[in-house]
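*Asks:* If you scroll down you'll find the structure; I have some questions about it.
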Ligand code: ALA
């Protein structure tokens, strides 16, 4: 019995007539009761518009919001609370860097290095910068096992590279990328590094100071927190020189008819009424994750990953993409296809047994082309999954071809 299952009310409920087997954790994680209660408690007892009111409740809301910011700061090892910008999600955080750093500071002839496994959220914003500024985009390509070699990193990050934007973990292959090597190579070339941590921070620690990363983006909803809250970490000296992204609300200092000056960090980047309830939920999610511990999370997921890969290897007509030989430098995300069956049909048939997986291009179309597929099915694990979940999934998968009239 997984001791954490009991903390997740939705996992006690039935999806269809069958028990929910939730294997779509890379899309969003389920929420523990403590997070649900913290958000409820905020709205029950502390809700007011922060910063704007001089009355006690507004001061309380401001304090809760700033306490949440401090919790995030300590969680990722930043220097200062002002380096933590609350956004809606990782996508908004990445757009913020593209608009407020990429557009003003990159020039014609500069180059950006991305990887072919970027989520569209860490690709399309840079395409926008490239088109607007005449900047060239270069791509890291993985080897046959889904990993970037040192040679590839050294070849694609050069003296012309001014910015490197990569994902820590692939949302399709689960590959954990060699970000220390990437950051080191980028900094030697004088480039800043933007790390998409949306798929890493649910599974292993992020320490921005140890990594010396310039910007890091992540979403709350993939790490047990509510949807609609995300974080951008940025080094203070970079954030300070960047212009605002969105404008209006309390991100100003003085506003005149024709001009405005802007607030100090972090408010400069937080236009409009912030999502205080979301921030409170995120802080509680962090406390919950710390209670479980990343060691436990990694141990559980790694065992389940090995068990799943082993099970899949025994099913004929199934192709698994990425690294199938090892669970090292690998998170519990497995993309696969079943011969002759569209991934949407696979996911629909699995749903008949209560199994939730994602099917499609996973917002990573360039990677799909690189893998020479249109789409895949994707199973993604979290520490509340069990071997029984995997057994139900594997048994269901064995039936897929039969459902459509193919031989086993
Ligand atoms: N980015 C999320 C995923 O990979 C939605 O599924």
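*Asks:* Can you give me the C-alpha center-to-center distance between the range 291-319 and the range 321-399, rounded to a whole angstrom?
*Replies:* If you average the Cα positions of each part, the centres end up 12 Å apart.
*Asks:* Quick one: if you stick a label point 7 Å off each Cα along the C-beta vector at residue 143 and residue 246, how many nm between them?
*Replies:* Placing both labels 7 Å along Cα→Cβ, they lie 4.3 nm apart.
*Asks:* What angle do you read, to the nearest 10 degrees and between 0 and 90, between the alpha-carbon axis of helix 387-398 and the longest principal axis of the chain?
*Replies:* Tilt of helix 387-398: around 60 degrees.
*Asks:* Compute the Cα gyration tensor for the range 35-289, then decide on rounded, prolate or oblate, letting a ≥ b ≥ c be the square roots of its eigenvalues: rounded whenever a/c is under 1.5, prolate when a/b is larger than b/c in the other cases, and oblate in all that remain.
*Replies:* oblate
*Asks:* Let me ask something additional. Please give the calculated 222 nm ellipticity per residue for the chain, where each DSSP H segment of at least 4 residues contributes -39500 (n - 2.57) and the sum is spread over every residue; nearest 500 deg cm²/dmol?
*Replies:* One gets -11000 deg cm²/dmol as the mean residue ellipticity at 222 nm.
*Asks:* Treating the angle as unsigned and between 0 and 90°, give the value, to the nearest 10°, between the Cα long axis of helix 179-188 and the longest Cα principal axis of the chain.
*Replies:* 40 degrees
*Asks:* Taking every eigenvalue of the Cα gyration tensor of the range 306-408, multiplying by 5 and rooting it, what semi-axes result, largest first, whole Å?
*Replies:* 19, 18, 13
*Asks:* Just the number, please: percent antiparallel of the DSSP beta bridges in the chain, rounded to the nearest 5.
*Replies:* If I count the DSSP bridges inside the chain, around 55 percent turn out antiparallel.
*Asks:* Take the chain, connect every pair of alpha-carbon atoms lying under 10 Å apart with a spring to form a Gaussian network, then pick out the residue of 133, 387, 18 with the largest mean-square fluctuation.
*Replies:* Comparing 133, 387, 18 in a Gaussian network model of the chain, the most mobile one is 18.
*Asks:* Now, a different point. Between residue 108 and residue 128, 0.36 nm times their residue separation minus their Cα-Cα distance comes to what?
*Replies:* That works out to 5.9 nm of additional length.
*Asks:* Could I ask something else about it? In percent, how large is the relative contact order of the range 35-289, given Cα pairs closer than 8 Å and 6 or more residues apart?
*Replies:* For the range 35-289, the relative contact order is 25 percent.
*Asks:* Now for a separate question. What is the packing order of peptides 112-124, 285-297, taking the mean over residues of other C-beta atoms within 10 Å and listing the highest first?
*Replies:* In descending order of packing, they fall as 112-124, 285-297.
*Asks:* Hey, another quick one. In nm, give the distance between the simple-model label positions of residue 187 and residue 154, each being 7 Å from the Cα along the Cα-to-Cβ direction.
*Replies:* Result: 1.9 nm between the two label points.
*Asks:* Using the beta-carbon distance between residue 34 and residue 307 and R0 = 35 Å, what value does 1/(1 + (r/R0)^6) give for FRET efficiency, to the nearest 0.05?
*Replies:* The value I calculate is 0.80.
*Asks:* Which angle from 0 to 90°, rounded to the nearest 10, does the C-alpha axis of helix 56-76 make with the longest principal axis of the chain?
*Replies:* Relative to the chain, helix 56-76 is tipped by roughly 60 degrees.
*Asks:* Ok, one more. Report the extension gain between residue 56 and residue 256 in nm, rounded to one decimal, defined as 0.36 nm multiplied by the number of residues separating them, less their alpha carbon distance.
*Replies:* Between residue 56 and residue 256, full extension yields 69.0 nm more.
Values quoted throughout were computed directly from the atomic coordinates according to the rules given, and no laboratory measurement underlies them. Note that this is a predicted model, so its numbers are computed, not measured. Virtual Cβ from ideal backbone geometry, glycine too; neighbours counted across all protein chains shown.
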